[in-house]
Amino acid sequence: MDLLSAIGMVTKRRSDFFSQAKTLAAKCKDQPTLEERMKGEAIALVKGYRDKLMKWEEYERTLIDKTLVSALAAVILGVGTDKPEQKLEKSWPVIVGDMLPPLLTFLAETKTYIDSGVLRPGDQTLDFADYNLLGAVPGAVDIGIDELENINPEQIGELEADQQRAQGKTWPSLAERVSRYLATPTFSFFNLGQYMVSQDQGFKEMRRVAKRDKKCCIDCKQYDSMGWQPFGELPIPGKGCRCYDRCRCFLEYR
Ligand SMILES: [Zn+2]
Ligand SMILES: [Zn+2]
């Protein structure tokens, strides 16, 4: 699917996504629960396609739908009771702009693996149950975010290619990549919701506090060390850092 037709398709169904997101947010109640739930849905979706319970077109549409609904639900959880409707409207173009282009590229990539037989529907050689979604394929070496600092992108590519996980070349590694659309971005969109509320409340300053564990990247440490900055001057967690969707910095306002 090309970007223009995808944008056309999701725009038509916008209010449907909004109401699905409200239901999902009400069910989950907080962001960590939403993230966990979406990890499970990532596995279920990939498994469903692998086990031939759905056709490609359905897999594609479901992944697009769930990505948007999950992001919208995360915004609702971040906003709370402070005019959620208005903030959903405001976050919609951000969510579509952030998520749809990379998602379509990812889907096109997956399709080439299927067409060329790298990924074979029905192939159950690797079991999802043995697979830690946040780790690597069984037996492979996990690459921690902290280790990425000292490795150049080419080396990362080689390492990930060795593990066949970077591009979703095995069903479990595909599920991991799917969860990076459905699950991990919820943290950033939750923060976007809180950011919009803080903006309305007239806060003048913000700071980005890094989780000071060994997985924290140099960008996040840098934002952390900047301390209080004028409101809007710092990117929200998950943006402007090489942790991307895995960033778990938090924002404070005053
Ligand atoms: Zn980072
Ligand atoms: Zn971070």
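Can you quote the Å³ per residue value for the convex hull of the Cα atoms in the stretch 1-54, rounded to an integer? Walk me through the intermediate numbers first.
Values: hull volume 6.0 nm³, N = 54.
Measuring per residue, one finds 111 Å³ for the Cα hull of the stretch 1-54.
Which links in Lys39/Lys87; Lys214/Lys239; Lys52/Lys111; Lys169/Lys211 stretch past 21 Å when you go from one Cα to the other? All intermediate terms of the calculation are to be shown ahead of the outcome.
Working: Lys39/Lys87 25 Å; Lys214/Lys239 19 Å; Lys52/Lys111 15 Å; Lys169/Lys211 31 Å.
Pairs exceeding 21 Å: Lys39/Lys87; Lys169/Lys211.
For each of Phe231, Phe187, count neighbouring Cβ atoms within 10 Å of the residue's Cβ, then give the residues from fewest to most.
Working: Phe231 16, Phe187 24.
Fewest-to-most Cβ neighbours within 10 Å comes out as Phe231, Phe187.
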**Residue-by-residue Karplus 3J(HN,Hα) for the stretch 113-118, coefficients 6.51, -1.76, 1.60, Hz, glycine and proline x** = 5, 6, 5, 8, x, 5
**Prompt:** Near Lys12, which lysines are there with a Cα under 16 Å away, not counting those fewer than 8 places off in the same chain?
**Reply:** Lys66
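Fewest to most neighbouring Cβ within 10 Å: what's the order for Cys249, Cys216?
Details: Cys249 26, Cys216 20.
Lowest to highest Cβ neighbour count: Cys216, Cys249.
What is the projected area of the convex hull of the Cα atoms of the stretch 26-125, averaged over all directions, in nm²? Working shown, then result.
Working: hull surface 28.7 nm².
So the Cα hull casts an average projection of 7.2 nm².
Relative to the present Cα-Cα distance, how much length would full extension add between Ser225 and Thr81 at 0.36 nm per residue of separation?
On the way: separation 144, 0.36 × 144 = 51.84 nm, distance 3.21 nm.
Working it through step by step, the gained length comes to 48.6 nm.
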**Request:** Estimate the FRET efficiency between Lys55 and Lys215 by the formula 1/(1 + (r/R0)^6), using the beta-carbon distance for r and 51 Å for R0, to the nearest 0.05.
**Result:** 0.85
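Laboratory data are not the source of any read-out in this text; all were calculated from the coordinates shown. Being a predicted model, the structure only gives us computed values, none of them experimental. Every residue, glycine as well, gets a Cβ built from its backbone with ideal geometry; the counts of neighbours run over all protein chains shown.
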